[in-house]
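Read through the structure below, which is laid out as structure tokens, and then see the notes.
The values are calculated or read from the model by the stated rules, or taken from the named source; none is laboratory data. Quantities reported herein were computed from a predicted structural model and do not represent experimental measurements. Cβ: placed from backbone, ideal geometry, glycine included. Neighbour counts: every protein chain shown. We work out accessible area using only protein heavy atoms, side chains counted, and drop any ligands, DNA or RNA first. Shrake-Rupley method; radii C 1.70, N 1.55, O 1.52, S 1.80 Å.
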Amino acid sequence: GGQTAEGTKADNGPLRGAQGETYEGGVRVPYLISWPARLAAGKTYDQPVSSLDVFATALAAGGKPMPADKIYDSVDLVPFLSGATTGSPHAQLYWRVGGGVKYGLRAGDWKLVRNQDHPPELYNLATDLGERHDRAQAEPEKLKDLQSALDAWDRTLVPPAFRGLGQQKKIR
């Protein structure tokens, strides 16, 4: 995402938020891959991916299996980018920022945002890419489902090593 905490300005277009936030302006960035021997040039892939996917993709490119010692948030993107596999590489994408005071979960078109000292927010990115219209009150079951999924994911993580600047408590 653009616009860092140090004040460097960036134009995030219609997207809300900036670097270090879990809104789309903080997590949505261009992702470019060039591999002429395996991937056709000039294609656009519109499904959400993660920078963590570099790990699984690089291992697969080198003919190495994913380690089996724990669960990794990484997917080999080549089958998706080449068209050999359809659909989205991730059913859900998660974010934890600032030592556990900012969270995000994207599941399909739905996005849950939880920030310290603020009620949870729910957005439908298909109709509201700029995250301007909070749907939490109108979609309480969707909100509850996504909050449960986010909490379950968070329980699998190690405690944050860095609490973040000015961030003192973890939210739930």
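Taking the condition at negative phi, assigned to a loop (DSSP other than H, G, I, E, B) and surrounded by fewer than 18 Cβ atoms within 10 Å (Cβ to Cβ), does Ala126 pass? Can you show your working first?
Values: at negative phi: yes; assigned to a loop (DSSP other than H, G, I, E, B): yes; surrounded by fewer than 18 Cβ atoms within 10 Å (Cβ to Cβ): yes.
So Ala126 fits the description; yes.
Against the condition farther than 24 Å from Asp154 by Cα, modelled with pLDDT under 90 and open to solvent by less than 90 Å² (accessible area, probe 1.4 Å), how does Thr4 come out, does it pass? Before the answer, list the steps.
On the way: farther than 24 Å from Asp154 by Cα: yes; modelled with pLDDT under 90: yes; open to solvent by less than 90 Å² (accessible area, probe 1.4 Å): yes.
Considered against the rule, which asks whether it is farther than 24 Å from Asp154 by Cα, modelled with pLDDT under 90 and open to solvent by less than 90 Å² (accessible area, probe 1.4 Å), Thr4 comes out as yes.
Could you list, in sequence order, the residues of region 129-165 that are hydrophobic (A, V, I, L, M, F, W, C) and farther than 30 Å from Asp69 by Cα?
First, pick out the residues of region 129-165 that are hydrophobic (A, V, I, L, M, F, W, C): 129, 136, 138, 143, 146, 149-150, 152-153, 157-158, 161-162, 165.
Across region 129-165, the qualifying residues are Leu129, Ala136, Ala138, Leu143, Leu165.
Could you please let me know if Asn115 is in contact with an Asp or Glu (Cβ under 6 Å, 6 or more places away or on another chain), of a type in the set (S, T, N, Q) and surrounded by 14 or more Cβ atoms within 10 Å (Cβ to Cβ)? Full working, then the answer.
Details: in contact with an Asp or Glu (Cβ under 6 Å, 6 or more places away or on another chain): no; of a type in the set (S, T, N, Q): yes; surrounded by 14 or more Cβ atoms within 10 Å (Cβ to Cβ): yes.
Here the answer is no, as Asn115 does not meet what is asked.
Could you check region 129-165 and list, in sequence order, the residues that are open to solvent by 70 Å² or more (accessible area, probe 1.4 Å) and either under 21 Å from Gly17 (Cα atoms) or modelled with pLDDT under 95 (or both)?
If the condition is that a residue be open to solvent by 70 Å² or more (accessible area, probe 1.4 Å) and either under 21 Å from Gly17 (Cα atoms) or modelled with pLDDT under 95 (or both), then Arg132, His133, Asp134, Arg135, Arg155, Thr156, Val158, Pro159, Ala161, Phe162, Arg163, Leu165 are the ones that fit.
Return yes when Thr86 is open to solvent by 30 Å² or more (accessible area, probe 1.4 Å) and within 30 Å of Ser34 (Cβ to Cβ) and no when it is not. So that I can check it myself, show each step before the final result.
Working: open to solvent by 30 Å² or more (accessible area, probe 1.4 Å): yes; within 30 Å of Ser34 (Cβ to Cβ): yes.
So Thr86 passes the test.
Yes or no: Leu93 assigned to a strand (DSSP E or B) and either open to solvent by 50 Å² or more (accessible area, probe 1.4 Å) or under 21 Å from Asp46 (Cα atoms) (or both)? Break it down stepwise before answering.
Numbers: assigned to a strand (DSSP E or B): yes; either open to solvent by 50 Å² or more (accessible area, probe 1.4 Å) or under 21 Å from Asp46 (Cα atoms) (or both): yes.
Against the criterion (assigned to a strand (DSSP E or B) and either open to solvent by 50 Å² or more (accessible area, probe 1.4 Å) or under 21 Å from Asp46 (Cα atoms) (or both)), Leu93 qualifies.
Of all the residues that make up region 69-83, how many are open to solvent by less than 50 Å² (accessible area, probe 1.4 Å), touching a residue at least 24 places away in the same chain (Cβ under 8 Å) and in a loop (DSSP other than H, G, I, E, B)?
Total meeting the criteria: 3.
Would you call Gly98 over 27 Å from Asp46 (Cβ atoms), buried (at least 17 other Cβ atoms within 10 Å of the Cβ) and out of contact with any Cys (no Cβ under 6 Å at 6 or more places or on another chain)? Talk me through it step by step, then tell me what you get.
Numbers: over 27 Å from Asp46 (Cβ atoms): yes; buried (at least 17 other Cβ atoms within 10 Å of the Cβ): yes; out of contact with any Cys (no Cβ under 6 Å at 6 or more places or on another chain): yes.
Yes; evaluated as a whole, the condition is true for this residue.
Conditions first: (1) at pLDDT 90 or above; (2) under 30 Å from Ala136 (Cβ atoms). Ala56 passes all but one, so which condition is the exception?
(2)
Scan region 19-68 for residues that are part of a helix (DSSP H, G or I) and within 19 Å of Gly108 (Cβ to Cβ) and jot them down.
So in region 19-68, the residues part of a helix (DSSP H, G or I) come out as 24-27, 53-61.
Across region 19-68, the qualifying residues are Glu24, Val27, Asp53.
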